[in-house]
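**Student:** After the structure tokens below, expect a handful of questions from me.
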Amino acid sequence: MNLSNTERKILENSIRDIKDFPKPGIIFKDITTLLNDAEAYGVLMNHLYTRYKEYNLDYVAGIDARGFIFGAALAQMLGVGFVPVRKKGKLPYTTIGEKYSLEYGIDEVEVHIDAFSKIPDAKVLLIDDLIATGGTANAAANLINQAGAKCVESCFIIGLTFLDGIKNLKEKTDVYTLVEVN
Ligand code: AMP
């Protein structure tokens, strides 16, 4: 179940480009203008619900922080649990972590060790607002699998197709993007 052209246009038109944020040369895709547009946010969430209700998911996992907005709403619509994949040092219980490279330096994401343990071999959808290099999503997918669950698909509202993130992540999990930026 994919987006219609009309739905895709509504989403594309609701995402704002901010030039040179957070540093020169970056075009930041601002999704706050999608969230505060009731029609666009509705089109998005209804589409995600229609697509993923067929998947028999056990959990939705969202990446810190914008993945929480879409992921938590979708989990509630699907009637499944939500798991936050957080930046290092934020989760209070025992965690497992995975480091990944940034342009300068490294970062790390974590999940609680028992986040998926209530359901054996849980099927998990990973979600974030955007995939660029794919480093964050790749680390998050690894964590889901290390925690005893299976990342069956990764979903991004926006995919930057001029980078290799989507191609690389496809070696690990199915990847679904709604709006592509070339
Ligand atoms: P990456 O690990 O390189 O795929 O980066 C993905 C993360 O960085 C996501 O959580 C995005 O929210 C954020 N991000 C990277 N590039 C952009 C961009 N051009 N506009 C908005 N967010 C971005």
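The values are calculated or read from the model by the stated rules, or taken from the named source; none is laboratory data. Predicted model only: the values in this text are computed from it and were never measured. Note: ideal-geometry Cβ built from the backbone for every residue, glycine included; neighbour counts use all protein chains shown. For accessibility, only protein heavy atoms count, side chains too; no ligands or nucleic acids. Shrake-Rupley method; radii C 1.70, N 1.55, O 1.52, S 1.80 Å.
**Student:** Going down the table (Lys9/Lys90; Lys29/Lys167; Lys23/Lys118; Lys9/Lys118), which pairs top 32 Å between alpha carbons? Intermediate values should be presented prior to the final figure.
**Tutor:** Numbers: Lys9/Lys90 37 Å; Lys29/Lys167 20 Å; Lys23/Lys118 42 Å; Lys9/Lys118 40 Å.
From Lys9/Lys90; Lys29/Lys167; Lys23/Lys118; Lys9/Lys118, over 32 Å: Lys9/Lys90; Lys23/Lys118; Lys9/Lys118.
**Student:** Over the Cα atoms of the stretch 7-65, compute the convex hull volume and normalise it per residue, giving Å³. Walk me through the intermediate numbers first.
**Tutor:** Working: hull volume 6.4 nm³, N = 59.
Value for the stretch 7-65: 108 Å³ per residue.
**Student:** While we're looking at this one, here's another question. Going by average Cβ neighbours within 10 Å, how do the peptides 26-36, 149-159 rank, with the highest at the top? It would help to have the intermediate numbers written out before the result.
**Tutor:** Working: 26-36: 15.4, 149-159: 22.0.
Sorting 26-36, 149-159 by mean packing, highest first, produces 149-159, 26-36.
**Student:** Pairs to check: Lys53/Lys172; Lys150/Lys170; Lys53/Lys87. Give those whose C-alpha atoms are more than 20 Å from each other in this structure.
**Tutor:** Result: Lys53/Lys172; Lys53/Lys87 exceed 20 Å.
**Student:** If you take the beta carbon distance between Asp30 and Ile119 as r and set R0 to 30 Å, what does 1/(1 + (r/R0)^6) give as a FRET efficiency, to the nearest 0.05?
**Tutor:** Computed FRET efficiency for Asp30 and Ile119: 0.25.
**Student:** While we're here: For the full complex of protein chains and a 1.4 angstrom probe, list Met1, Met77 by accessible area with the highest value first. Numbers along the way, then the final one.
**Tutor:** On the way: Met1 120, Met77 70 Å².
Result of the area sort, largest leading: Met1, Met77.
**Student:** So if each residue of separation counts as 0.36 nm, and I subtract the Cα-Cα distance between Lys23 and Leu102, what length gain in nm does that give?
**Tutor:** 27.0 nm
**Student:** Please compute the per residue accessible area over the chain with all protein chains in place, 1.4 Å probe, rounded to a whole number of Å².
**Tutor:** The answer is 51 Å² per residue.
**Student:** Of the accessible area of the stretch 38-182, with the probe set at 1.4 angstrom, what percent is carbon plus sulfur?
**Tutor:** Numbers: 3300 of 6780 Å².
Looking at the stretch 38-182 in its full context, I get 49 percent from C and S.
**Student:** Would you list Tyr55, Tyr104, Tyr176 from the most to the least accessible area, probe 1.4 Å?
**Tutor:** The ranking, largest first, comes out as Tyr104, Tyr55, Tyr176.
**Student:** Grab the beta carbon distance between Arg8 and Ala38, set R0 = 25 Å, and tell me the FRET efficiency rounded to 0.05.
**Tutor:** 0.90
**Student:** Could I ask something else about it? Could you work out how far the C-alpha centroid of the stretch 140-182 sits from that of the stretch 54-93, in angstrom?
**Tutor:** 15
**Student:** Now for a separate question. Would you please put 16-23, 139-146 in order of how densely packed they are, using the mean number of other Cβ atoms within 10 angstrom per residue and starting with the highest?
**Tutor:** 139-146, 16-23
**Student:** Which residue, Glu171, Glu98, Glu110, has the most motion in a Gaussian network model of the chain that connects Cα atoms within less than 10 Å?
**Tutor:** Most flexible of the set in this elastic network: Glu171.
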